[in-house]
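The values are calculated or read from the model by the stated rules, or taken from the named source; none is laboratory data. Just so it is clear, the structure is predicted and the values come from calculations on it, not from any experiment. Methodologically, a virtual Cβ is constructed for each residue, glycine included, from the backbone with ideal geometry; neighbour enumeration extends over all protein chains shown. What goes into the accessible areas is simple: the full protein's heavy atoms, side chains included, and nothing from ligands, DNA or RNA. Shrake-Rupley method; radii C 1.70, N 1.55, O 1.52, S 1.80 Å.
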Amino acid sequence: MFSFHVFEHPLSRGFQNRFSTQYRCYSVSMLAGPNDRSDVEKGGKIIMPPSALDQLSRLNITYPMLFKLTNKNSDRMTHCGVLEFVADEGICYLPHWMMQNLLLEEGGLVQVESVNLMVATYSKFQPQSPDFLDITNPKAVLENALRNFACLTTGDVVAINYNEKIYELRVMETKPDKAVSIIECDMNVDFDAPLGYKEPERRPQHQEEPTEEEADPTSYADMDLRFRAFTGSGNRLDGKTKGIEPSPVPLCPSDMKRGIPNYEFKVGRITFIRNSRPLPKKFFDDDDALNRFIAFSGEGQSLRKKGRKP
């Protein structure tokens, strides 16, 4: 008798450990049941049928279970995790934002394959609206939202829910690969400028005040504002006009004295400056001597003349 020993090729073992199948995908809103499954929309995980769990348990699948979703019609792909195995057979339920990335409609076919992804170390996001800047601490909000995600793919537009509002962020970059796992990882997060954001115009902190142009001193000579004696016109009693017209001597620029500027001037406030000189001390002394009261210091008069006998 002859015996044959068949050696198993190492590549065939690798293919046996790989999960790959097709499902018809629907959004979470189509999931039957009384319970509200809005939590699925807030993350990056899908719901698969129980047969997938039975098949995965027979294979040597590494945990956590991560899958690659591919739409062969549009050549679009993304990565996700699994939340539960409660879907109907042949059907899987996806978040709405994931169906938009894959360009899938309700009931479309999607290829689901198990994959192993490297742990993320860096990721960069770009908000799709400037409204994301209104959040006080965007990194903390994003960190809390990514707890419901299992992996990230470069080019995807993920949706997070904060204060009953949906914010969309595009994954611009991931390291060390274009698709990474974010489960139990220490990842640095960075943000790019939001789509449609315009930086405000920066104004100088100290605006230069317009400097006053120094006037030409010769221009003050034309302004005859000071009083000059004997420069007016006169009239004669006989009615004759005087033959000589008044010709005042023009002022020299040196005669025009400008006052001391008020450096404490403020717009809207009127300041009355009185140029009064203090009286000399001698004047106060004489005034006090006159106003000082001295008793019995007056002079009296008598009707009787002195030196005349009665």
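When each of PRO127, PRO138 is tested for being closer than 19 Å to ILE160 by Cβ and surrounded by 20 or more Cβ atoms within 10 Å (Cβ to Cβ), the lone residue that passes is PRO127.
Residues that are within 16 Å of LEU102 (Cβ to Cβ) and open to solvent by less than 30 Å² (accessible area, probe 1.4 Å) number at least 3 in the following strands (runs of 3 or more DSSP E) confined to region 17-91: 20-27, 66-71, 76-84. Selection of region 92-108 for residues being small (Gly, Ala, Ser) and either under 20 Å from ARG147 (Cβ atoms) or in a loop (DSSP other than H, G, I, E, B) (or both) yields only GLY107. Taken over region 133-152, the residue count meeting the criterion of being over 11 Å from the mean Cα position of the chain (by Cα) and not in a loop (DSSP other than H, G, I, E, B) is 13.
Before we move on, is LEU69 under 24 Å from LEU146 (Cα atoms), out of contact with any helix residue (DSSP H, G or I) (no Cβ under 6 Å at 6 or more places or on another chain), modelled with pLDDT of 90 or more and outside the structural domain of ASN148 (by the TED database)? For LEU69, the condition - under 24 Å from LEU146 (Cα atoms), out of contact with any helix residue (DSSP H, G or I) (no Cβ under 6 Å at 6 or more places or on another chain), modelled with pLDDT of 90 or more and outside the structural domain of ASN148 (by the TED database) - is met. Restricted to region 141-154, and to residues there that are within 17 Å of PRO95 (Cα to Cα) and either of a type outside the set (Ser, Thr, Tyr) or in the same structural domain as MET99 (by the TED database) (or both), the residue that is surrounded by the most Cβ atoms within 10 Å (Cβ to Cβ) is CYS151.
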